Amino acid sequence: MNTILRKSVLGVAGLAFAGGVFAGPAAAHAAPSVESVPVAVAVQADKPSVDKGKLVPHGVQGAQSRIDLSDEQVGNVKAIIAATKKAGMDERAAVVSIATALQESKLENLGHLGDRNDHDSQGLFQQRPSSGWGTVEQITDPEYSTMAFLKGLKQVDGWQDMPLTKAAQTVQVSAYPDHYAQWEQMAADLVAEHWNS
């Protein structure tokens, strides 16, 4: 019986060794295992998410517009978000700001457009030096122009409880006040994507 037990143990050890020899080198040259994928997902899960209910608390109004953004436009989105945080304001303020800039300039930091210019409007928010928004250099600086817009927004009593288009219009005094609403969903999506990036 001792001999049978010894042969069984040696047989199992031999199989384990042979399995390691044959499986080891093959596994070493195989493609990365699926087990490495959840590690990347876990890193993404650590990123705090934005409360989407706070981004569009009243629901969107009317048909929504959407455009593809260049790297420069995405950079301006990030600049608006950074300025909003610097001003101590929340994600909803960023949504209002980005929607406003989408309507005013399609998130392009516009200089003077000559005959196509609306008076002396410039920058992301099409602010006018002649209306006291700042110098041309200031209002074509994304951080400055956002801070100027947010300063105006802070002065609007109850802006947090207003539909986006009313809050934006109170600051901007546009000839087309209802046009801001069409950008609310895209602005909310951009804030959700970039607020914690």
### Principal axis dimensions, the stretch 97-197 - Cα atoms, whole angstrom, descending
34, 30, 22
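If you take every residue apart from THR135 with its C-beta less than 12 Å away from the C-beta of THR135, what net charge results, scoring Lys and Arg +1 and Asp and Glu -1?
Numbers: positive: ARG128; negative: ASP120, GLU137, ASP141.
Once all neighbours under 12 Å are counted, the net charge is -2.
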### Mean accessible surface per residue for the stretch 109-197, computed with a 1.4 Å probe while every protein chain stays in place, in Å²
50 Å²
## Note on the structure
If amide H atoms are modeled at 1.01 Å from N in the peptide plane, then the residues at a separation of 5 or more from GLN127, or on another chain, having amide H under 5 Å from its own are GLN122
## Note on the structure
Contour minus Cα-Cα span, ASP157 to VAL173, at 0.36 nm per residue, comes to 4.2 nm
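Going by the alpha-carbon gyration tensor, a ≥ b ≥ c the square roots of its eigenvalues, is the stretch 153-197 rounded (a/c under 1.5) or, if a/c is not under 1.5, prolate (a/b greater than b/c) versus oblate? Could you put the intermediate results ahead of the total?
On the way: a/c = 2.51, a/b = 1.50, b/c = 1.67.
Oblate, since a/c reaches 1.5 and b/c is not below a/b.
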### Message
Run the Debye formula on the Cα coordinates of the stretch 135-179, all scatterers equal and no solvent, and tell me log10 I(q)/I(0) at q = 0.24, 0.33 1/Å.
### Response
-0.86, -1.08
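Loop only per DSSP, at most 16 neighbouring Cβ atoms within 10 Å: give me the GluC sites (Glu not before Pro) in the stretch 89-197, ordered by residue number.
Working: sites: GLU91, GLU104, GLU108, GLU137, GLU143, GLU184, GLU193; in loops: GLU108.
Those satisfying the criteria are GLU108.
What does the extension gain come out to for VAL136 and GLU108, with contour length at 0.36 nm per residue minus their alpha carbon separation? List each step's numbers first, then the result.
Working: separation 28, 0.36 × 28 = 10.08 nm, distance 1.50 nm.
Extra length from VAL136 to GLU108 when fully extended: 8.6 nm.
Scan the stretch 50-131 for trypsin sites (Lys or Arg not before Pro) in coil per DSSP, keeping those whose Cβ has at most 12 other Cβ atoms within 10 Å, and list them by number.
Working: sites: LYS52, LYS54, ARG66, LYS78, LYS85, LYS86, ARG92, LYS106, ARG116; in loops: ARG66, LYS106.
Hits after loop and neighbour filter: ARG66.
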### Hz values of 3J(HN,Hα) by residue in the stretch 148-165 - Karplus curve (6.51, -1.76, 1.60), Gly and Pro given as x
5, 4, 5, 4, x, 5, 4, 7, 8, 4, x, 4, 4, 9, 8, x, 3, 4
### Task
State the dimensionless ratio Rg/Rh of the stretch 54-157 (Rg: radius of gyration of Cα atoms; Rh: Kirkwood radius).
0.96
### Query
At ASP71 and ASP51, where each label point lies 7 Å from the Cα along Cα→Cβ, what is the point-to-point distance in nanometres?
3.6 nm
### Task
Multiply the residue gap between ASP189 and HIS58 by 0.36 nm, knock off their C-alpha separation, and tell me the result in nm, one decimal place.
45.6 nm
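The values are calculated or read from the model by the stated rules, or taken from the named source; none is laboratory data. Since the model is a prediction, treat every value here as computed from it, not as a measurement. Glycine also receives a Cβ, built like all others from the backbone with ideal geometry; neighbour counts cover every protein chain displayed. For accessibility, only protein heavy atoms count, side chains too; no ligands or nucleic acids. Shrake-Rupley method; radii C 1.70, N 1.55, O 1.52, S 1.80 Å.
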